[in-house]
Every structure is written in structure tokens, then in C-alpha cells.
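Before any comments, here is the structure.
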Number of protein chains: 2
Amino acid sequence: MTVLVLTSPQDVTADMVVVELHERGVPLVRLDPADLPGDADLSAEYVHGDFHCYLSAQGRMVSSRALRSVWVRRPGEPAAHAHGTSPWLSAETGQALYGMLYSTTARWMNHPRQAAQARYKPWQLRIAHHSGFAVPPTLITTFPRVAEEFAGRYGRVVVKSLSGPPRTEPPVSLPTTLLEPDTDFTGVAAGPTLLQSYVPKRADIRLTCIGTRLFAARKASADGQVDGRFGDTGHAWEPVEVADRIARPVREFMELAGLAYAAFDFAEDDEGLWWFLECNQGGQFGFVELETGQPIAGAVADWLAAPPLGAPL
Amino acid sequence: MTVLVLTSPQDVTADMVVVELHERGVPLVRLDPADLPGDADLSAEYVHGDFHCYLSAQGRMVSSRALRSVWVRRPGEPAAHAHGTSPWLSAETGQALYGMLYSTTARWMNHPRQAAQARYKPWQLRIAHHSGFAVPPTLITTFPRVAEEFAGRYGRVVVKSLSGPPRTEPPVSLPTTLLEPDTDFTGVAAGPTLLQSYVPKRADIRLTCIGTRLFAARKASADGQVDGRFGDTGHAWEPVEVADRIARPVREFMELAGLAYAAFDFAEDDEGLWWFLECNQGGQFGFVELETGQPIAGAVADWLAAPPLGAPL
């Protein structure tokens, strides 16, 4: 039974998992959808109620009957490297590849249908509520007066992007930013704005969940630092225990979201409470493993190597 | 309790349903996401485990607590008409609008998560198998020799696009086409190709499913016509009974796909058997209603007007 890894050749995090799969003697095919067709090929037959497909890449062939799991890491745009590429060829190739893979009984980390839903941050907040996390009060609005009232109510408020930074060249960063007390909210009318009650934190927490296995890491914050992703805090990521009051909502969240893998970000306040900030279904884990020594790549490999579900679709 | 209709102002099919909702006295808000922000506004608060949002468009306001259902018809790109529009503003606005709506308990026709999956034609074929439809033998391949072998096995074979025609200006059409006996399959290596065993048909069938209500229409084919969407057959759409051997798989398909609305296309062969060709989760129904007098818009209105689920998310 074979594992299919959909990612680009430059993905060093995937390399870490590939090594672990090799050590376990698990066959795998690594494919960048950008190389299809040309360096890779596919075929799928739907005949008389039966279904059989196979995929060929880098000299290896995998059949749908031998497909154990699919890991969607950093796949390229289908057909991007193909001769005569075009948006239409990408659409045709994406239909063929993913439509065929959706037809198998393979387990997904993560199924693109669930991944797409999990990217919606407002929906994450609601699922986080349902799961039992502490979530900082949050507002998303295009009404300047509502924004002003919210900021007045909570005092210290941060502003964040909903969708991440714009995709510009050169890239720009959009760190979470603490608002000044005299902020003018007129501009809120020009675009939906996410405001969140600021959590004074003593540490950032990154919790990686693979199936039901949890790995949490903690990095002490620098004084007054708002966004832990930017600037050196002078501290390193260190492994930290996951209390049951966090483990339960994490598992509930994963279940409600239908995810096999996710990276959660929390802010740890002065009383040690972990506040849910966001969940990234495609979040990196390489930097955590390198700093903490936690066997995350191994846990991913274990999950991918487990037997397929057998249940149809 | 209010119905939210997400569509463009030019959508005359939506107009038909809006009339039906008005006749039933059901409040509705019609919104084109392209008009947000600017002509429409939104606000959502996630505070202390509670969630409240409201949406304002065309002088009407709807609160999440009063939101009965969401009909996703032909929504524009979020923020497309906004002052200073950009891909980033569209991404931010889409996150805010859909993320907020996903957080409600409203019923969806169709939920974008399910709609996205249902667009994959190869997956449709597999679900059609599971549901118990007759499905013509189908191949999707990048291997010229496999295509040649398939065509040889089934004799008369049609070729179809997987993703529909390219989006070019002026638009081009890509009708389903019967292959010549001496077809050269070399080009299959350049892009995944869908071949299907040809069903000699005496009629096209369009079956519209709304919840559990089915409306089927039949149009006799012209001699030798392959793709019923192109060219006048000299016949009109007429209502036709749905046999139980079709109704059961339709309901099974809707359940497996998680859809509330879908338009199915079948080919009726000389023995009266309906062969599954495809399912369009966003298919038109206006032309069927106009020709057959079947009350499809009324059925959509009935479905949208039913009470919300109450269950969280």
C-alpha cells in the first residue's frame, strides 16, 4: 500500500516525512501536479460500476487499489510545467487528477474540501467556540462606528488581516498590530476589518495536531511583542505539556472541521491560559521539530502509513 | 426568518424565485458579493462563546439569528464593484462574508464546500456508480495507447471536456463529439482526455432535484445528434414521469454529495433506459420551467422558506 505525497520538489518539510516513510519501509510516490502531464501520467477507468485508476510519476506507478493515503502539502498548479500550459489545461488536469483521487478510498491529510473550509478565519472562531477554547472577543465589520464602539469597549485592540498579506512582488508582511488609542476608524468602510481584544501574553504556543497526537511548543515572548512571527524574542521554542483542558477542544475542533492535520496558534496569558488565535490546516512544523526535537514528521508518517479506510469514498 | 439570495442583478432565474418568495410572504435579502463593501455592509461579533452577525443590502438588514437559508446562485466576485478593488480586497471580503455565513445555522442551497467537490466530474461518475445509476463506460487518461485500446473496445466513443470550455473572449463552445474511427490519439499525452462510450439516444433528459422533489423533462433528439445542448432538434422539452429506479439513485446521489439542488443530464436510449451523463449542482432551470410549466422556482422557494436546522453549523 502506497502513500501519495502531493508537493513541489523544493518542499524540505516533505523531505523530512519521506525519510520517515522510507525508514518504515512504506512505498510512496511523490508528485507535483505541476508536472502533469509530461513528467507524470494518469489514467482512470469507470466501467460497469467498477473504478480503477493509476498514477505514474518519477518511474513509479501507484494504483487506486494500492493507495493508502494522500498528503496534500504544497502542490503546484496542475499542468503549470506542462508543454503548452494554459489556464484551461490547468483546469482540465486539476479535474482529472483530483476528481480521480476523490474517487478512491484513500485517507486524506487534508481533504481539499475540508481544507478550503478551514481557511475561513471567521468560521474558525465559531468552531473554536463550539469546541470549548477561550477565544478573544473578535469583531469583523465594515461599519466604522461599530469598530469604534468595539475598540472603546475592550480598550487594547489588535487589527489583523483576514486572508493574509497581499500577494505582491516583492512580498509585504502584515503583522498583527496594536491600535493606537486615537485610531480613526473611517477606513473600515473601505474593507472588512478584523479587530480582536488584545491578549497580553507571556508566550506564544504552537500546537501541532496529527490525527489524535498532539505536540505543543512554547516560546517566551519579548516584552511588549504583539506578533510572535516577527522579530527575535531572544527565546527558543521548547516542548510544553498539553493540559487536558486544551487537548479536549483540539480534538473536538479537528472532528468538527474534518481535519487530519492542523497547526494551532495560542497566546499564553499571565495566568497560563491559552487563548485560541488561529488554526492553520497547512501550517509548517519543520521549524518546531528542528528546535524542540519533537518527532512530528514521524507522527505524520505514522498517520499516512496507517491502513486505508475501506469504506467507499 | 429571512432568505439570503447571493447573486448578480442580471440573474433572471433568481427573479423567478424572488417572485415566489414574495407570494409566500417570506422576507428576503438579495445581495451580490461584488457590491460589498460599498452598496452593502456586514458586521460579525464573536464574543464570549456567542456569535451575532448582520448583513445590510439594498436598505434591508438581516441578522444571523433571523437567517433561514442561503441560496448561492450566481454571486459576483466579492468586492469586484468596490472602490479601490484589488485581488487582496476580494480575498478579505470573501473571508469576511462567507466565513461569517458559514458560522450561522442557515440551510444552504448549496454549501460552497459541497458545491466545489460536486464540480469534479470524475468524482461524479464514482458517486453515480455508488448511487445505482447506469453510467456509460468512461476513461480519463494521458496515455495514448490506453485511449486507443478503450476506443477499440467500445467502438463508438465520444470525447468531452472535463472542465468545460476555455474562458476566452469571444467564448468558444466544446460540444461532446463522436470520434472518427481512424482517430489519432497521440495528442492525449498533451492533456488528460475524457472518452466515453457513446449512448445512441432517442432523447435528452434534464432532471432537476430540489431537496427531495424531482422534476424531469424530456426532449426528443434529432437523428444522429450527439450533444443536445447544440442545435435545434425540432422538439421541445416536455414533462416526463420519474421512474422509481431513477428516483432512488437521484436521492442517494444528493445525500452522498451533500447537495440541496442539482440538475442531472441523462441520455435515454432506445429501450428507455436513462444513462447518467452529468450532474450540475448550479445548473439552470429557467428554460425547463418556461417550456414545461413545471413549478421548479416554486419548489426552490419552498425549500428556501423552510425553517432553519437549529443544529449548530
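The values are calculated or read from the model by the stated rules, or taken from the named source; none is laboratory data. Please read these numbers as outputs of a predicted model, since none were measured by experiment. Cβ atoms come from the backbone with ideal geometry, glycine included; neighbour counts cover every protein chain shown. For the accessible areas, the whole protein counts, side chains as well, though only heavy atoms, and no ligand, DNA or RNA atoms are used. Shrake-Rupley method; radii C 1.70, N 1.55, O 1.52, S 1.80 Å.
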| note | Along the dipole axis of segment A:2-109 (charges at Cβ: +1 for Lys and Arg, -1 for Asp and Glu; origin at the Cα centre), the most positive-end residue among A:SER56, A:ALA96, A:VAL18 is A:VAL18
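Answer rounded, prolate or oblate for segment A:24-87, using the Cα gyration tensor with square roots of eigenvalues a ≥ b ≥ c: rounded when a/c is under 1.5, else prolate when a/b is larger than b/c, else oblate. Mind showing how you got there, number by number?
Numbers: a/c = 2.05, a/b = 1.24, b/c = 1.65.
Because a/c hits 1.5 or more and a/b fails to exceed b/c, segment A:24-87 counts as oblate.
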| note | Taking only Cα atoms of segment B:137-198, the Rg to Rh ratio with Kirkwood Rh works out at 0.99
| said: Are there any residues in segment A:75-121 with a reduction of at least 50 Å² in accessible surface when going from the isolated chain to the assembly of protein chains? Probe 1.4 Å, please list them by number. | reply: A:TRP88, A:GLU92, A:GLN95, A:TYR102, A:ARG113, A:GLN117, A:TYR120
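Restricting things to Cα coordinates, could you compute the convex hull volume per residue of segment B:2-109 in Å³? Intermediate results must be reported in sequence, preceding the final value.
Numbers: hull volume 10.4 nm³, N = 108.
Cα-based convex hull of segment B:2-109, divided per residue, equals 97 Å³.
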| note | Projected onto their principal axes, the Cα atoms of segment B:186-313 stretch, largest extent first, over whole-Å spans of 54, 39, 25
| message | I want to verify a result. In a Gaussian network model of chain A, Cα cutoff 10 Å, which of these has the top mean-square fluctuation: A:PHE143, A:PHE266, A:PHE285? | response | A:PHE143
| field | Threshold 30 Å², segment A:29-69 residues less accessible with all protein chains present than alone (1.4 Å probe) | value | A:PRO37, A:ASP41, A:LEU42, A:SER43, A:ALA44, A:GLU45, A:TYR46, A:VAL47, A:HIS48, A:GLY49, A:TYR54
| query | Assigning unit charges at the beta carbon (Lys, Arg +1; Asp, Glu -1) and nothing else, what dipole magnitude in debye, to the nearest 20, does the protein assembly as shown show about its Cα centre? | reply | 1060
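Where only protein heavy atoms count, and the probe is 1.4 Å, what is the accessible area per residue for the protein assembly as shown in Å²?
Values: 26750 Å² over 626 residues.
Spelled out: the 1.4 Å probe surface of the protein assembly as shown, per residue, equals 43 Å².
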| J(HN,Hα) series, segment B:242-258, from Karplus relation 6.51 cos²θ - 1.76 cosθ + 1.60, nearest Hz, glycine and proline x | 9, 5, 4, 5, 9, 4, 4, x, 4, 5, 5, 4, 4, 5, 5, 8, x
| field | P(r), alpha carbons of chain A - 10 Å bins starting at zero, rounded % | value | 5, 23, 30, 23, 14, 4, 0
| task | Could you run the numbers on buried accessible area between A and B, total for both chains, 1.4 angstrom probe, in Å² to the nearest 100? | result | 5500
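With charges only on Cβ, +1 for K and R and -1 for D and E, what is the dipole size of segment A:137-198 about its Cα centre, in debye, rounded to 20?
Values: 5 positive and 6 negative charges, 46 e Å.
The dipole magnitude comes to about 220 debye.
For chain A, what is the charge dipole size about the Cα centre, in debye to the nearest 20, if Lys and Arg each add +1 at the Cβ and Asp and Glu each add -1 at the Cβ? Mind dumping the intermediate values first?
On the way: 27 positive and 36 negative charges, 144 e Å.
So the magnitude is around 700 debye.
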| query | D for the protein assembly as shown, whole µm²/s, Stokes-Einstein with Kirkwood Rh over alpha-carbon pairs at 25 °C and 0.890 mPa s: what number? | reply | 93
| note | Along the dipole axis of chain A (charges at Cβ: +1 for Lys and Arg, -1 for Asp and Glu; origin at the Cα centre), the most positive-end residue among A:HIS130, A:GLY283, A:GLY164 is A:HIS130
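Counting only protein heavy atoms and using a 1.4 Å probe, what share of the accessible area of segment B:137-198 belongs to carbon plus sulfur, as a whole percent? Walk me through the numbers on the way to the answer.
Working: 1860 of 3310 Å².
With neighbouring chains kept in place, the figure for segment B:137-198 is 56 percent.
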| request: Set the Förster radius R0 to 56 Å, insert the Cβ-Cβ distance between A:ARG145 and A:VAL242 as r into 1/(1 + (r/R0)^6), and round the FRET efficiency to 0.05. | output: 0.85
| field | the protein assembly as shown - share of DSSP beta bridges that are antiparallel (%, nearest 5) | value | 80
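How long are the semi-axes of the ellipsoid equivalent to segment B:146-258, from square roots of 5 times the Cα gyration tensor eigenvalues, in whole Å, largest first? Walk me through the numbers on the way to the answer.
Working: eigenvalues 166, 67, 56 Å².
The equivalent ellipsoid of segment B:146-258 has semi-axes of 29, 18, 17 Å.
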| message | Within 10 Å of each Cβ in A:132-138, how many Cβ atoms from other chains are there, averaged over the peptide? | response | 3
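Counting only protein heavy atoms and using a 1.4 Å probe, what share of the accessible area of segment B:230-313 belongs to carbon plus sulfur, as a whole percent? Before the final figure, lay out the partial values.
Details: 2050 of 3940 Å².
Carbon and sulfur: 52 percent of the exposed surface of segment B:230-313.
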| query | Comparing the chain by itself with all protein chains present, which residues of segment A:153-172 are at least 20 Å² less accessible (probe 1.4 Å)? | reply | A:ARG153, A:TYR154, A:LEU162, A:SER163, A:PRO166
| remark: Whole-percent carbon and sulfur contribution to the accessible surface of segment B:82-130 (1.4 Å, no ligands, DNA or RNA) stands at 55
| query | Once phi is turned into ³J(HN,Hα) by the Karplus curve 6.51 cos²θ - 1.76 cosθ + 1.60 with θ = phi - 60°, what whole-Hz value does each residue of segment A:175-187 show in order, with x for glycine and proline? | reply | x, 4, 10, 6, 6, 6, x, 9, 4, 8, 9, 3, x
| query | In whole Hz, what ³J(HN,Hα) sequence does segment A:22-37 give by Karplus (6.51, -1.76, 1.60; θ = phi - 60°), x for Gly and Pro? | reply | 4, 4, 7, x, 8, x, 8, 10, 9, 9, 9, x, 4, 8, 10, x
